[in-house]
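Inspection log for the structure reproduced underneath, given as structure tokens.
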Number of protein chains: 2
Amino acid sequence: MNGAESLVRTLVGGGVDVCFTNPGTSEMHFVAALDRVEGMRCVLGLFEGVVTGAADGYARMADKPAATLLHLGPGLANGGANLHNARRAFTPMVNIVGDHAVYHHQYDAPLTSDIEGIARPFSAWVKTSPTAETIAADGAEAIRVARTAPGQIATLILPADTAWNEGTGPAKVDEPPPREQVTREAIREAAEMLRKDPKGTLILITGQALRVAGTNAAGAIAAKTGCQVLAQTSNGRTERGAGRFSVDRVPYPVDQAIARLKDFRQVILVGAKGPVGFFAYPGKPSVMTAPGANIFRLATIDQDLIHTLEWLADEVGAKGAAVPFEPAVRPGLSKGALTVDACANAIGALMPENCIVADEAVTSGRGLFPFTKGAPPHDWLQITGGAIGLGLPLALGAAVACPDRKVLCLEGDGSGMYTVQALWTMAREGLNVVNVIFSNRSYAILRGELHNVGAHNPGRKAIDMLSLDRPDLNWVDMARGMGVAGSRATTAEEFNEQLARAIATPGPYLIEAVI
Amino acid sequence: MNGAESLVRTLVGGGVDVCFTNPGTSEMHFVAALDRVEGMRCVLGLFEGVVTGAADGYARMADKPAATLLHLGPGLANGGANLHNARRAFTPMVNIVGDHAVYHHQYDAPLTSDIEGIARPFSAWVKTSPTAETIAADGAEAIRVARTAPGQIATLILPADTAWNEGTGPAKVDEPPPREQVTREAIREAAEMLRKDPKGTLILITGQALRVAGTNAAGAIAAKTGCQVLAQTSNGRTERGAGRFSVDRVPYPVDQAIARLKDFRQVILVGAKGPVGFFAYPGKPSVMTAPGANIFRLATIDQDLIHTLEWLADEVGAKGAAVPFEPAVRPGLSKGALTVDACANAIGALMPENCIVADEAVTSGRGLFPFTKGAPPHDWLQITGGAIGLGLPLALGAAVACPDRKVLCLEGDGSGMYTVQALWTMAREGLNVVNVIFSNRSYAILRGELHNVGAHNPGRKAIDMLSLDRPDLNWVDMARGMGVAGSRATTAEEFNEQLARAIATPGPYLIEAVI
């Protein structure tokens, strides 16, 4: 059994049974091994940003890592932006990056590059496996690292001769260490803060704490003490909807964030970081909390956040408190002009139970949260690293992980173009993804940001750099070109009808919402 | 004048007057400055690989660097694959990468990353400019480095506060050092090699040596001595066609390369590196020249290659030798089935004078060279680093550099998908690019490579990873979606007619050649 097959068997044995791929020559032995090993599903992407973004979406929903297969340094670089997002979502991922044969490196052939250097900024662990005897053990270690809390990116570089030489067979994957618990002292300190000044206290959560068990406990604490609970601005996965405790997010715009946080004298961080501006702006602070606020880091992202919240609930006597769960209330459908709110009404009204929302609607997306809080239980996935071009791949990966659930991808037109190739993979795999493209024909966020950074009265060239008209993108044509059926909605009635029909129909679909 | 404007004025003053952009919030002051400075043309790309690939194509034709404007680490990473190609083409380029304000870095906001770490594998020079007082001088240094032979990539990181604080005004750009000359001893040694064994000697050239002055001198040496002249497998820019000395290339497939080179007992390198396999294959050598061949490095890529060849021509008495220039002979048009050769005949028959060919046709492209050698004088641009996804952006950039010339982009369907967004920019800018997509609906090169690496009889999963059918890509739909008109050709007659019409019509066009 060669090194490549030893690695594939190690992956499957270690529970990594989906591989998103964009292979090249140096990965051919890995590709050939796929047919000799049962149990590895391979999903081809036509661009590496699709591959890494899909692996992110998959792992967020499957709660275990996917593998990616990438072609040398440039292939890894192409996947880099979505690796950045995955790193910021604490997504477990195992990247397999092919390389030249070890002995070929000295010749500096055209595709030679510093792969470890490219991998390092995006990876918690990077290793080049030097021989076919080491690759299985290195693969096992990559899986262990990826699965180590809070979820990490492991990048394993596979030289071609490491793949084709005789290997050892599969290696066993060690269990990662369990999540660490917080100390009794930390729980007591948080409880004391809540006792002293409950109304002035915010519990800021993210990660694991946004699963139902976490929000249940957070809701009980809030109900018992009168404190407030918020989530970070961006979170990898939030379980929410009717019958769950709704957690609002810190707003993205700096002025709104500061206004939302100004009355909190104490902030208890559970997985979250102290809220800071997504960007800096001249004359505005970087830190969003009130000056002098007491920020207490109760639990870091890698610790057991659910147990932390349950323990704190016990400590403040909140066990059995009547949590104000979200009532099942949906908005009504709009009529007339197609606005962002009209889209939001339709999404809130029509979203099916157990839906997965992949949200990269950027400016159009900020308003969607309130319209959907009373919709049937669903998962909401956000872009966590700010590197746009994640939405379509994220939806793709989530659909691979959860074939029985409907995925709703809410995507900006500017963002969607970065990884538009994801549509083809949705078609090939017959994935249940309804893609809604908010077509405002501009980098709308940047028009606001130009003003926010103090650059007023932009001229023609500046406006040109933020506009996606001239020519207008036709998303229905592009989708058809990649095998995905679609339609354009220009009124609320059209959008309502198209969304209802798309949700009811299996397979991928695209709606271009001209807003 | 703020730092951003100081930088833009430095760029324009230093001859960098085209900027390919994909900006975000941290670059808004740079964008705003564009309207206050005369003479900077800005070209928006909807994905960063388009931006860096276009800057490569521009510089190859303009013989001076363009700037790029990229959004933090992920934006730079998205441009990384085409930076790799540009590095391998020795293309001068100045990347401006926005970053958070310096004081905001400590908060590790979501888009924070190790930008210098991401830049280093692709750049000869990387610097973060810490203040608005340093940015103009740093920009001037970046231009000087980029323009230093053989052409280098300089990456300048621009923190937001460096852009918005008060700067110094523009800085003057120092002239880069002139190209070094080879030594008289080296010329004498090469001349002696040619005297002793002319028939057994190969002169292997690339870079500057493939401009007309270089091939003229190389042709004279060959005519006088009876040696042979070849170019590297991949070269950034080759001036060729009727009335010029034709230089064939070392073949890509290892067996063909070894067969082509086996009789040379001596190789004189002029800019080129000793020929090695693009990839390693089990049981095949990495070095393509005959064992024991004497490899003499006469000139490195950064030296004055044209003067080297002219000097060597003098030394061997080749001045005034009758160079066998290529006669003006075009192939006839084909009829019937649309094959790669039928496409090649049409391209050779119809290519207009002064055409620029951007060639990323991969498997389909290898055969095109002989069909076009007698066509009117033209430039041929290749992908030099093997990171596919360069062709469309390369054509775009060349068309920006040379608005009065027709650009012919020869693109594989697999390769084209990586940076398909380039079509939109071609439409927006009204560029004279005829895009021919060789639609074989597979990563055809990999089917051969699977065999070459010894993985015979691939199974269903392996073949799936190399196939682009299911669903077929419809390039005409995709192009229309981005504002580029197109048509599909399934017979030679259709292709001939469509190509002739597209060449005669201004603006961008796309032909999907189903082969």
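The values are calculated or read from the model by the stated rules, or taken from the named source; none is laboratory data. Everything numeric in this text was worked out from a predicted model, so none of it was measured. Positions of Cβ are generated from backbone atoms using ideal geometry, with glycine treated the same way; all protein chains shown enter the neighbour counts. For accessibility, only protein heavy atoms count, side chains too; no ligands or nucleic acids. Shrake-Rupley method; radii C 1.70, N 1.55, O 1.52, S 1.80 Å.
Suppose we filter B:ALA154, B:ALA137, B:ALA160 for residues that are aliphatic (A, V, I, L, M) and open to solvent by 20 Å² or more (accessible area, probe 1.4 Å); which single one remains? Break it down into steps so the answer makes sense when it comes.
Values: B:ALA154 fails: open to solvent by 20 Å² or more (accessible area, probe 1.4 Å); B:ALA160 fails: open to solvent by 20 Å² or more (accessible area, probe 1.4 Å).
It is B:ALA137.
From the list A:LYS273, A:LYS284, which residue is part of a loop (DSSP other than H, G, I, E, B) and either under 22 Å from the mean Cα position of the chain (by Cα) or in contact (Cβ under 8 Å) with a residue 60 or more places away in the chain (or both)?
Within the list A:LYS273, A:LYS284, the selection yields A:LYS273.
Taken over the stretch B:275-299, residues that are farther than 26 Å from B:LEU368 by Cβ, open to solvent by less than 30 Å² (accessible area, probe 1.4 Å) and modelled with pLDDT under 95 amount to 1. A:GLY226 meets all of the listed conditions (1) in contact (Cβ under 8 Å) with a residue 40 or more places away in the chain; (2) touching a strand residue (DSSP E or B) at 6+ places or on another chain (Cβ under 9 Å) but one, namely (1). Looking only at residues in the stretch B:407-438 that are in contact with a Cys (Cβ under 8 Å, 6 or more places away or on another chain) and over 17 Å from B:ARG480 (Cβ atoms), the one that is modelled with the lowest pLDDT is B:PHE438.
Only residues that are in a loop (DSSP other than H, G, I, E, B) and open to solvent by 20 Å² or more (accessible area, probe 1.4 Å) were counted in the stretch B:188-233, giving 5. If you filter the stretch A:7-29 down to residues that are within 11 Å of chain B (Cβ to nearest Cβ) and among the small types (Gly, Ala, Ser), you find that the one that is surrounded by the most Cβ atoms within 10 Å (Cβ to Cβ) is A:SER26. Looking across the stretch B:111-124 at every residue that is at the interface with chain A (Cβ under 7 Å from one of its Cβ atoms) and open to solvent by 30 Å² or more (accessible area, probe 1.4 Å), the one that is farthest from B:ARG147 (Cα to Cα) is identified as B:ASP114.
Here the condition is being at pLDDT 95 or above and over 23 Å from B:VAL267 (Cα atoms); of B:ALA223, B:ALA140, B:ALA186, it holds for B:ALA140 alone.
Against the condition in contact with a Pro (Cβ under 7 Å, 6 or more places away or on another chain) and at pLDDT 95 or above, how does A:GLY167 come out, does it pass? Even if it seems obvious, please write down each step before you answer.
Values: in contact with a Pro (Cβ under 7 Å, 6 or more places away or on another chain): no; at pLDDT 95 or above: yes.
When the stated conditions are applied, A:GLY167 does not pass them.
From the list B:ALA32, B:ALA4, the lone residue that is open to solvent by less than 10 Å² (accessible area, probe 1.4 Å) and either assigned to a loop (DSSP other than H, G, I, E, B) or of a type outside the set (Val, Ile, Thr) (or both) is B:ALA4. When B:CYS355 is tested against (1) in contact with a strand residue (DSSP E or B) (Cβ under 8 Å, 6 or more places away or on another chain); (2) of a type outside the set (Val, Ile, Thr); (3) open to solvent by 10 Å² or more (accessible area, probe 1.4 Å), only condition (3) is not met. Which members of the stretch A:16-40 meet the condition of being under 21 Å from the mean Cα position of the chain (by Cα) and within 21 Å of A:VAL173 (Cα to Cα)? Listed by number, the residues that qualify are A:VAL16, A:ASP17, A:VAL18, A:CYS19, A:PHE20.
The set of residues from the stretch A:70-89 being within 9 Å of chain B (Cβ to nearest Cβ), hydrophobic (A, V, I, L, M, F, W, C) and either within 19 Å of the chain's Cα centre (by Cα) or open to solvent by 10 Å² or more (accessible area, probe 1.4 Å) (or both) comprises A:LEU76, A:ALA77, A:ALA81, A:LEU83.
What residue, among those in the stretch B:35-47 that are open to solvent by less than 10 Å² (accessible area, probe 1.4 Å) and outside any loop (DSSP other than H, G, I, E, B), is nearest to the other protein chains (Cβ to nearest Cβ)?
Kept after step one, since they are open to solvent by less than 10 Å² (accessible area, probe 1.4 Å), are these residues of the stretch B:35-47: B:37, B:40, B:43-47.
In the following step, the residues that additionally are outside any loop (DSSP other than H, G, I, E, B) were identified as B:43-44.
Numbers: B:VAL43: 9, B:LEU44: 5 Å.
Among them, the one singled out is B:LEU44.
Of all residues in the stretch A:365-384, those satisfying the criterion of being open to solvent by less than 20 Å² (accessible area, probe 1.4 Å), touching a residue at least 60 places away in the same chain (Cβ under 8 Å) and under 18 Å from the mean Cα position of the chain (by Cα) are A:GLY365, A:PHE369, A:HIS378, A:ASP379, A:TRP380, A:LEU381, A:GLN382, A:THR384.
Can you pull out the residues in the stretch A:322-348 that are over 24 Å from the mean Cα position of the chain (by Cα) and open to solvent by less than 20 Å² (accessible area, probe 1.4 Å)? If the condition is that a residue be over 24 Å from the mean Cα position of the chain (by Cα) and open to solvent by less than 20 Å² (accessible area, probe 1.4 Å), then A:LEU338, A:ALA342 are the ones that fit. Taking the stretch A:385-406 as the range and being open to solvent by 10 Å² or more (accessible area, probe 1.4 Å) and within 14 Å of another protein chain (Cβ to nearest Cβ) as the test, the residues that pass are A:GLY386, A:ILE388.
Among the residues of the stretch A:419-438, which ones are touching an Asp or Glu at 6+ places or on another chain (Cβ under 9 Å) and open to solvent by less than 10 Å² (accessible area, probe 1.4 Å)? Answer for the stretch A:419-438, where residues must be touching an Asp or Glu at 6+ places or on another chain (Cβ under 9 Å) and open to solvent by less than 10 Å² (accessible area, probe 1.4 Å): A:ASN435, A:VAL436, A:ILE437, A:PHE438. Checking each residue in the stretch A:244-257 for being part of a helix (DSSP H, G or I) and either open to solvent by 50 Å² or more (accessible area, probe 1.4 Å) or touching a strand residue (DSSP E or B) at 6+ places or on another chain (Cβ under 7 Å) (or both) picks out A:ASP255, A:GLN256. Within the stretch A:457-470, residues that are assigned by TED's automatic domain parsing to the domain that holds A:ARG447 sit with their Cβ atoms under 6 Å from residues that are among the hydroxyl-bearing types (Ser, Thr, Tyr) and at pLDDT below 85, at 6+ positions apart or across chains, in these pairs: A:LEU466/A:SER442; A:LEU466/A:TYR443; A:SER467/A:SER442; A:LEU468/A:SER442.
Taken over the stretch A:90-110, the criterion of being more than 19 Å from A:LEU7 (Cα to Cα) and either more than 10 Å from chain B (Cβ to nearest Cβ) or open to solvent by less than 10 Å² (accessible area, probe 1.4 Å) (or both) is satisfied by A:PHE90, A:THR91, A:HIS104, A:ALA109. Scanning the stretch B:300-312 for residues being open to solvent by 10 Å² or more (accessible area, probe 1.4 Å) and in a helix (DSSP H, G or I) gives a total of 4. Of all residues in the stretch A:195-206, none that is at pLDDT below 95 has its Cβ atom under 8 Å from the Cβ atom of a residue that is open to solvent by 10 Å² or more (accessible area, probe 1.4 Å) and part of a strand (DSSP E or B), 6 or more apart or on another chain.
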